[in-house]
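What follows is a short report on a single structure.
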Amino acid sequence: MCPSNTRGQHESHPNQESYRENLNTSRDYYAAHAAQRHQVSRRQALKTAGIGIAGLAVLGLAGTAWYTHRAVACTVNGKVQTMPIGSSAHDVINRGFAAPADGNLVSVCAAGEVPEVLERGGGNRYTLHVNGMEVDIDTYRLSENDVLEFFNGTDVTEAAIAQNTEIPCGAQVPEDGYFLVKIGYVAQWGKNGVSSVVTGIHSGKTVDMGVTEKPQDLIIALGNSIEPTDGRRLVAITFDDGPDPIYTPQYLDILARYGARATFFDLGSQIDAGTDYVALAKRCVQEGHQVASHTYSHSDLLTLDDAARADEITRSLEAVSNACGKPTDVIRPPYGNFYGSSFLAYLRSGGNLAYTAYWGLDSQDWDIANQGYGVEDGAAKIVSNCTEVTGATLATNPDAFNGSIILMHDGGGDRERDVIALPQIIEAYQAQGFEFVTMNELLASCGTFPDWVTSGTCTRPDDAVIPTDDRVTWYNPKEYDPLAP
C-alpha cells in the first residue's frame with residue numbers, strides 16, 4: 001500500500017520554477033528582437049522609398065525645365081530658324097537671325113534730293129510683325145511656328161521753320177445764257193494753294209519746297225444728267241407756288257393714298273401769310289415730303305441786282321426753314337431763270353445753296369387754261385405732258401423716264417385739273433415700277449453728287465474761297481465739262 005500522500009498528485013520537479021523563469025525570459029527576448037528587426041525594416045523601406053520619390057521629383061523638374069525652354073521652329077524674315085521658346089525679339093536679333101535698323105534723323109531737302117543724315121538711329125524705331133500683326137518689340141515672346149518679319153525704321157525729317165506763300169485759286173462757272181439744268185450746284189469748293197520755303201532747325205539749311213498744296217478751283221456745275229444707279233426706277237414730282245389752303249391738302253391726301261413722296265417749292269410770302277400756311281408747310285414735312293424755296297415773292301431773279309436777288313433767296317429760305325423746323329438751302333428759281341453768275345453772286349453775299357432745281361417734264365398746268373382746255377381734257381393734257389416726250393412714252397419706254405423731275409403747281413391759280421391729273425400720273429408711273437421720291441432722294445440715288453448737295457443743307461467749309469472776277473473762268477456748258485476726267 002502506497003502512502004496516502006502520493007496518490008493522484010503531481011510530483012514537483014526540483015528545477016521547475018527556474019525553468020519557467022528562463023522560458024519567459026526567452027520569449028521576451030525574441031519578441032523584443034523581432035520588434036527591433038521590424039522597426040529597422042520600416043526605416044529602411046521608408047529610406048528606400050524616399051530616395052525613389054526624390055529621384056522622380058528631380059527627373060520631373062528636369063523635364064519641366066526642358067519643356068519650358070525647348071527649342072522650337074520659327075520663320076524669321078522668310079527663313080526657318082530654331083530658337084528657345086519664349087525668346088524675346090532681342091534674342092532673335094542677338095542670334096544674328098535679323099538685323100533691323102532704326103531710321104535716321106535727316107535734313108530738309110527739295111524733291112529729288114538725297115537728304116543729309118544728321119543723326120543715325122534718330123528716326124523711327126524698327127518694327128516687328130508676328131503672324132501678320134505688329135507687336136510690341138519689348139514685350140514679345142516667341143511661340144512655336146511664329147512667323148516674324150522685322151522692318152527697318154523710317155527716317156524722320158528734322159523740324160523746320162516754314163515761310164508760306166498763298167497761291168490764289170480760281171473759279172469755273174457756266175457763262176450767262178445757260179440755265180442751270182437740271183440742277184445747278186457747287187461741285188467743288190475753292191481752296192487756295194500754298195508754296196513754301198523751309199529752314200531746318202538742326203541743319204540750318206534753307207530749301208524752296210515749291211508748291212506744297214495745289215490750289216483748288218471753285219466749280220459751279222450743271223447736273224444735267226440724273227441717272228439712278230441703284231437699280232430702281234425713280235421719279236421726283238414737284239409742286240410750285242404753295243402752300244395753298246385749298247389745293248395743297250388735296251395733293252397731300254392723294255400722295256398719301258399712293259404712298260408717294262414729293263417736293264414742294266414754297267413761296268416765302270405764302271408761308272408768311274398766316275399760321276394756316278405755316279401749318280401746311282409743316283404738314284408736308286411731317287408726311288415725309290421735302291419742302292424747299294421758290295423765292296420770297298416769285299420775282300424773276302435775272303431782273304434783280306445782286307443785293308435784291310440775295311434778299312429774295314435768303315428771306316424765303318429762312319421762312320421755309322422756320323415754318324418746317326428743318327433747314328433747307330434748296331431753291332427753284334421762278335421760271336428757271338438762274339445763271340452761274342447768279343449762283344456765284346449769292347455765294348459772294350455770304351449765302352449758301354445746296355442746289356438750284358430745274359425740271360425735265362413740264363406739265364404746263366400753269367398754261368392749260370390759257371390754251372383753251374376745259375377741266376377734263378385739261379387734266380388729260382397734263383397727264384400726257386408728264387408721261388410723253390419726243391420719241392418715247394412712259395408705257396413703251398419707261399427707262400427713258402428714269403430720274404425725271406416733273407413740274408406741277410399746287411398754288412398760284414385754279415388747280416382743279418391737277419387734282420384730277422395727279423392720281424393718273426402716279427398710277428401710270430407706278431404701273432411701270434417707278435417710286436416717287438423727293439429731290440434729295442433722287443440726287444442721292446445717283447451716287448455722283450456731294451453730301452452738301454444731297455442733304456439739301458449746305459455747310460460751306462471754313463477754308464472755302466470764293467474768287468474775285470479776275471480769277472473766274474466762264475465756260476460754255478455745251479463745249480466744256482469741268483468735271484470730265
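Candidates are the residues of segment 72-102 that are among the small types (G, A, S) and crowded, with 18+ Cβ neighbours inside 10 Å; the one that is farthest from R141 (Cα to Cα) is A98. When we screen R257, R232 for residues that are in contact with a Ser or Thr (Cβ under 9 Å, 6 or more places away or on another chain) and assigned by TED's automatic domain parsing to the domain that holds N440, the only hit is R232. Checking D311 against (1) more than 22 Å from Y178 (Cα to Cα); (2) surrounded by fewer than 22 Cβ atoms within 10 Å (Cβ to Cβ); (3) within 35 Å of the chain's Cα centre (by Cα), only one condition comes out false. Which one? Here D311 clears every test but (3). The condition of being in contact with a Leu (Cβ under 9 Å, 6 or more places away or on another chain) and more than 30 Å from G210 (Cβ to Cβ) does not hold for G177. In this structure, does G274 turn out to be assigned by TED's automatic domain parsing to the domain that holds P334, exposed (fewer than 14 other Cβ atoms within 10 Å of the Cβ) and either in contact with a Cys (Cβ under 9 Å, 6 or more places away or on another chain) or over 20 Å from A354 (Cα atoms) (or both)? Spelling it out, G274 is indeed assigned by TED's automatic domain parsing to the domain that holds P334, exposed (fewer than 14 other Cβ atoms within 10 Å of the Cβ) and either in contact with a Cys (Cβ under 9 Å, 6 or more places away or on another chain) or over 20 Å from A354 (Cα atoms) (or both). For A310, the test of being more than 26 Å from L442 (Cα to Cα) and assigned to a helix (DSSP H, G or I) is passed. For segment 100-153, residues that are outside any strand (DSSP E or B), free of Cβ contacts under 8 Å to residues at least 60 places away in the same chain and among the hydrophobic types (A, V, I, L, M, F, W, C) total 3. For segment 267-311, the tally of residues that are basic (K, R) and over 21 Å from S455 (Cβ atoms) stands at 2.
The values are calculated or read from the model by the stated rules, or taken from the named source; none is laboratory data. All values derive from a computational prediction rather than experimental measurement. Glycine also receives a Cβ, built like all others from the backbone with ideal geometry; neighbour counts cover every protein chain displayed.
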